[in-house]
Structures are given as C-alpha cells and as structure tokens.
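Shown next, in structure tokens, is the structure this report addresses.
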Amino acid sequence: MSTSRAVPFVLLASLTLALPSFAMAQSAQQEWDAYRDALERGERHANYWQYGWTGFYATTLAANAYLASEASDNDDRFDARVGAVKSALALGGMFFDRQPHPQARREMEQLYAEDDLTRARALIRQTAAVERERRALRARLGSLIVNTVGGLVIGVGDDRPRDGAISFATGMLVNELQIFTQPNQAGLAVNRFQPARVSMGGLHLDYEYALVVAPDQVGVHIRY
C-alpha cells in the first residue's frame, strides 16, 4: 500500500519541479526570438535607410554639380556650388557612418548558437544605446555646423540673407528626416522588459517584466 501511494506523489513532485523549468525555457526562447527578430528587422531597415539616403545625396550632388555651371542665373549657380559641397559632405558621411544592426545581427546569431543569453542581452542593450546616440542632440552637431556655414556663405558672403536662411532651414530639415528615419528596433526590443522590485520585509528582489499580448496568449513574462 505504501508503495502504490508513493508513485503518484513522486509523479506529482516531478511535474511540480518540471513546470517552472519548462516555463523558464519557454520564456528564454521567446526572449531570444524577440532579440533576433528585432535585429533582423533592424538590418533590413538599416539597408533600406543606407541605400535610400546614399542615393538621395548622390542625386543632389549630381544635380548641384550640373547647376553650378549650367544654371542661367548667377545666384542659382552660386547656391548650387554651396549645395554641391553640402551634398558631398553628407554623401561621404553615409559611407563612413554605418548603422550598427548588420554587425549586431551577426553577433546575435553567434550568441544564439552558443546559447549565451546574458551576452545577448548586453548586445541588444548596446545596440539600443547606439540607436539613442544617433538620435541625440550631438548627432545634429555636424549638420548644424555645415548648414550654418553654408547659410552664412550665401546670406553674408553673397549678400542674400533670405536665401541663406532658406538654405540653412532646408539643410537642417533634411538632416532631421535622415535622423528620424533611422531604425529603432533594438530599443523597442529592450523596452519589452521593464525593471521592477518587490519587497517583503527586509527581502528585496529585483526583476524585469514584459507584458505579452498575442492572438494565442495574454500574460506577463518575468525574469530575474
């Protein structure tokens, strides 16, 4: 009798221990999926962004170079020469200032193969930090200098303040659009998990949670 009663108890204990492990494994896989998907989408977005803006600046450089010598009005030729310099600088920046997502995506795949979730979290946070830096105020400093100089050359050097102001405003608007259209997928992936703390007397537990809403589930993922 004692043996037959012990069997269900052992099975129940095994299931009780297995369920949390299964839940943790499922949560880890979902976290992997979120990070890998974010960087895959980020890489695609980064490539579109790179090709699109490189093509735009190459086109404006060619157009300004043509107008610099062929425009019928002296003011238009002068403005085109200033525009050609600005477009050349912006085009050069596209070749040297690359988005972080393609390299991060390759590193993430390597970490996934090694099942190193700790380093994967660090990588996604690092990529998100780069995304924030590329949207920060100092990311606009180079464009501010170039467009200010260009506006002064036209407005003061060529004695056309209104045209100089238009050149400055147009250049800053284009740069703002370039910044705004950058990928932000890593930041969105990091923001899935928010830090929190629960306290019970003198015991404090720091953890992170993420709300999950999907067609097949609604719940909260917790990691600590």
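Quick check on my filter: what residues within the stretch 62-105 are over 28 Å from residue 145 (Cα atoms), free of Cβ contacts under 8 Å to residues at least 40 places away in the same chain and surrounded by 12 or more Cβ atoms within 10 Å (Cβ to Cβ)? Across the stretch 62-105, the qualifying residue is only 103. Of the helices (runs of 4 or more DSSP H) that lie entirely inside the stretch 46-153, those containing 1 or more residues that are modelled with pLDDT of 95 or more, out of contact with any Lys or Arg (no Cβ under 9 Å at 6 or more places or on another chain) and within 20 Å of residue 174 (Cα to Cα) span 74-96, 141-152. Selection over the stretch 52-68 of residues that are small (Gly, Ala, Ser) and within 12 Å of residue 85 (Cβ to Cβ) gives a count of 2.
The values are calculated or read from the model by the stated rules, or taken from the named source; none is laboratory data. Predicted model, so just to flag it, every value in this text is computed and none were measured. Don't worry about glycine lacking a Cβ; one is built from the backbone with ideal geometry, like all the others, and counts go over all protein chains shown.
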